[in-house]
Each structure stands twice: as structure tokens, then as C-alpha cells.
Amino acid sequence: MKRVPQVVTDMLHELATFHKNEVSRLHNVLEYLVDLNRCRIGALKQGFNIVGQPEVLEADISASLLPPKAMRLDALDFLKSFAPAHYVPFV
Amino acid sequence: MVSVILHRLGLLAFFSLSQRLLDPLLYVILSILRSIRRLMTICQDEAMSIVRLACQFDGTRPFGPASTLKRYLSILGWQIHPDASLSGPEHFGVSLMDDSCDWICKVFRQAWPHFLITNLNRKGTGDFIPHHSLTARVFASFPPEEQSLLIRNAVGGFQIAATQKMWDSDTPITCPLCGLEDSRSHRCLECIPLAEVRNRHPDAIAILQSERPDWVFIPLAHSSPDAIVQRAFLKTIKFDYDLPQLDVGSKITLYTDGGATNPCDAEARLAS
């Protein structure tokens with residue numbers, strides 16, 4: 001170990017110190033980001049103090065041809081039997 | 001061939017946060033290199049013929065395994081030499097003849113961020129090379145629930161309003177909490193309703209404001225600028241000792257005094 005030049009030993013010590021400091025810095029910032037994102041999600045979920053967001057109106061489905069509750073197989077059955085007005089199937 | 005895509009910042013973060021996940025391109029390259037290294041042990045002549053073919057190939061359209069390897073390496077900025085050594089950017093280098101498969105993979109994974117950074121043109125990449133294993137080690141120290149929040153933060157899960165507006169023109173570009181213009185730095189450093197969180201983490205705020213402003217966009221550990229010098233120094237060491245020829249079948253016992261400085265840091269470790 002004594003044969004290693006002092007310059008190299010110093011450089012490796014600096015490298016190790018840099019890595020230790022970088023780990024500490026990154027850990028601090030990641031902890032902050034976790035806290036920040038958690039609080040931000042909480043604030044957005046509360047919703048009462050959200051400013052600048054457009055009001056989303058409930059979609060008007062009265063004019064829809066598909067029954068509003070129809071899902072999966074029910075919707076498929078409806079679509080299979082669906083035909084526009086005055087439609088005459090080709091036989 | 002695995003096509004080369006313009007890697008995005010989120011992708012870089014994603015692979016930096018995991019010690020196991022690999023970019024598909026890197027995975028393919030490591031598979032080829034491992035195969036050649038194993039072939040080097042079993043049938044050295046065959047392996048060296050592949051290396052020679054790869055060295056001779058200078059086209060852009062690969063037509064076989066050797067030329068494909070050469071093409072991949074040139075995409076990454078690496079060169080293959082007739083003595084089966086590979087040299088890359090930033091003084092990275094391995095030998096397909098002498099180094100183990102594990103070491104070859106380790107060096108390529110370490111050099112990978114350099115390739116990604118040179119293919120990125122995004123905010124937050126900065127003028128530094130990310131330290132892959134350091135980021136992954138810090139990330140792994142967080143519990144799973146917090147890791148999921150950090151992953152979303154790093155890969156674009158919490159989009160700013162300007163990004164959301166690209167998909168939905170009705171979305172305003174203002175912050176939903178305070179009404180000011182929404183941006184990464186606004187969320188991290190300025191948003192008034194989140195001031196209480198900032199007060200709890202004064203050290204982190206100081207780091208983001210002065211030491212690592214690029215972490216506002218993506219928090220990735222930096223590589224030390226000394227790491228390049230260290231690699232350059234290690235390349236100057238020549239192992240030309242007259243080592244005895246050992247019988248592979250016999251048991252070999254090596255003794256060391258175990259002395260080492262910085263034993264927990266692979267890059268700064270110095271063993272006797």
C-alpha cells in the first residue's frame with residue numbers, strides 16, 4: 001500500500017468523499033420529493049382550494065343511441081342488432 | 001439488430017433507479033460479449049476469429065454476428081481491437097480474453113449513462129455523467145410505497161400543466177394549487193401552498209437551489225469528475241509480472257493481509 005503514490009491515494013479519498021456526499025445529498029432530496037408529492041396529491045384530492053381548473057360538466061347522454069348501462073356482452077348484443085332507420089339488409 | 005431510439009430522460013431515470021433492469025440494446029450487447037467471453041474459455045481460436053472479423057468490418061450494414069457486434073460497439077462509441085480488448089469513451093475498457101463476464105457487464109453498465117447522455121437533448125441532463133449504481137443504491141433504501149412515488153416523479157408521472165396541455169387543449173397551464181404558471185421549479189421551490197413541506201426540508205431546498213439545480217428535473221447522482229482521471233491512471237498500470245503457469249485442476253490458495261482503503265466504494269477502493 002505504501003508504494004501507491006500519495007497523489008493517487010488522495011484522489012481516491014476525494015472520490016470516496018464525493019460519493020458519500022452525493023449519497024447524502026440525493027437521499028435528502030429524494031426524501032423531500034416523497035414528502036412534496038405526497039402532500040401535493042393530498043391537496044389535489046381535497047379539491048376545494050384548486051384554482052384555475054375548468055369545471056367538467058357531466059356528459060349529456062340523452063341523445064345516445066347505445067343504452068347508457070350497456071357494457072361488454074350487452075353492448076355487443078345491442079350493436080349486433082343495431083340498424084339505422086330505413087336500413088334494409090342485403091339478402 | 002435492436003434499433004437505436006432516441007432515449008428519453010424518463011428512460012434514463014428508469015434504468016438508473018433499478019440495479020436489475022437493463023435497456024434492451026445494452027442487454028443484447030452484453031449477451032453477445034458474454035457469449036464471446038465464454039467461447040474464449042472453451043475455444044479461443046473460434047472466439048479470436050470472431051474478434052478478427054469484427055475488427056475488419058468497416059461497413060454500416062451488418063451481415064453476421066461479428067459485424068453486428070462491431071456495429072453495436074460503434075453506436076456506443078466503443079472500439080474493438082485485434083487483441084480482444086475493447087476501449088470506450090471516458091477511459092472505459094475491458095478485455096474479452098482476460099476479464100470475467102461479471103466485470104465486462106459491470107464496466108458496460110457503468111459506461112451506459114455516457115451513451116444515453118450523448119443521445120439526450122432534454123432539460124435536466126446537465127453537463128454531467130449520472131452515476132448509475134449510486135442512484136440505484138440510494139433509491140433502494142426507500143420503502144416500496146415511497147419508491148413508487150419517486151418512480152412516478154422521475155419518469156414523468158406527475159406531469160406539469162404545460163405537458164398536459166399538449167394532450168388536452170382545455171387544460172390551463174397554471175398550477176392547480178396557487179394559480180401561478182406551473183413548472184418543475186415552481187412545484188419544487190415556489191408553490192406557496194406547499195411552503196410547509198419546504199420548511200420541513202431546508203437542506204434539500206438548499207441543494208436544489210445551489211448545488212444540484214438539475215435535480216429539479218430529474219434527481220440522478222453525479223459521477224465524480226475524478227473518476228475519469230482514476231480510470232486513466234488504472235489504464236497505465238501494466239500487469240507484466242512473470243506469473244507462474246498454474247494447473248487449472250489443482251487447488252490454489254491466495255493470501256492477502258486484507259488491507260484496503262475505502263472498502264465499501266468500488267471505484268475508490270485501494271487494496272494491497
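The values are calculated or read from the model by the stated rules, or taken from the named source; none is laboratory data. All figures in this text were calculated on a predicted structure; none of them were measured in a lab. A quick note on method: Cβ atoms are made from the backbone with ideal geometry, for glycine too, and the neighbour counts reach across all protein chains shown.
Between B:D83, B:D45, which is of a type in the set (D, E, K, R) and either crowded, with 16+ Cβ neighbours inside 10 Å or outside any helix (DSSP H, G or I) (or both)? Even if it seems obvious, please write down each step before you answer.
On the way: B:D45 fails: either crowded, with 16+ Cβ neighbours inside 10 Å or outside any helix (DSSP H, G or I) (or both).
The unique qualifying residue is B:D83.
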Please verify whether segment B:164-180 includes one or more residues that are outside the structural domain of B:W112 (by TED's automatic domain parsing) and under 19 Å from A:S24 (Cβ atoms). no
What about B:I151, is it more than 7 Å from chain A (Cβ to nearest Cβ), within 19 Å of the chain's Cα centre (by Cα) and not in a helix (DSSP H, G or I)? no
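Each row is one residue, and each column tells you yes or no for (1) of a type in the set (A, V, I, L, M); (2) over 21 Å from B:P130 (Cα atoms); (3) more than 12 Å from chain A (Cβ to nearest Cβ).
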{"position": "B:P225", "(1), (2), (3)": "no, no, no"}
{"position": "B:G249", "(1), (2), (3)": "no, yes, yes"}
{"position": "B:D257", "(1), (2), (3)": "no, yes, no"}
{"position": "B:A266", "(1), (2), (3)": "yes, no, no"}
Could you go through segment A:26-39 and let me know if any residue there is at pLDDT 85 or above, more than 9 Å from every other protein chain (Cβ to nearest Cβ) and within 30 Å of B:E211 (Cα to Cα). no
Are there any pairs, at least 6 apart or on different chains, whose C-beta atoms fall under 6 Å, with the first in segment B:131-145 and farther than 21 Å from B:I228 by Cβ and within 10 Å of chain A (Cβ to nearest Cβ) and the second basic (K, R) and not in a helix (DSSP H, G or I), and if so, which? none
Return the total of residues in segment B:195-232 being touching a Lys or Arg at 6+ places or on another chain (Cβ under 6 Å) and part of a helix (DSSP H, G or I). 3
Residue among B:T163, B:T174, B:T236 that is more than 29 Å from the chain's Cα centre (by Cα) and hydroxyl-bearing (S, T, Y): B:T174
Going by the conditions given, is B:A268 in contact with a Phe, Trp or Tyr (Cβ under 9 Å, 6 or more places away or on another chain), assigned to a loop (DSSP other than H, G, I, E, B) and free of Cβ contacts under 8 Å to residues at least 40 places away in the same chain? yes
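Let me confirm something: among B:F128, B:F158, which residue is at pLDDT below 85, surrounded by 15 or more Cβ atoms within 10 Å (Cβ to Cβ), more than 9 Å from chain A (Cβ to nearest Cβ) and assigned to a loop (DSSP other than H, G, I, E, B)? Give the derivation first.
Working: B:F158 fails: more than 9 Å from chain A (Cβ to nearest Cβ).
B:F128 is the lone residue from the list that is at pLDDT below 85, surrounded by 15 or more Cβ atoms within 10 Å (Cβ to Cβ), more than 9 Å from chain A (Cβ to nearest Cβ) and assigned to a loop (DSSP other than H, G, I, E, B).
Starting from residues that are polar (S, T, N, Q) and facing chain A (nearest Cβ under 9 Å), keep the ones in segment B:169-221 and report whichever is surrounded by the fewest Cβ atoms within 10 Å (Cβ to Cβ).
To start, the set of residues in segment B:169-221 that are polar (S, T, N, Q) comprises B:169, B:171, B:174, B:183, B:185, B:199, B:209-210.
Now drop any that are not facing chain A (nearest Cβ under 9 Å), which leaves B:171, B:174.
Working: B:T171: 19, B:T174: 17.
The extreme case among them is B:T174.
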Given the options B:T256, B:T163, name the one that is in a loop (DSSP other than H, G, I, E, B) and on the phi < 0 side of the Ramachandran plot. B:T256
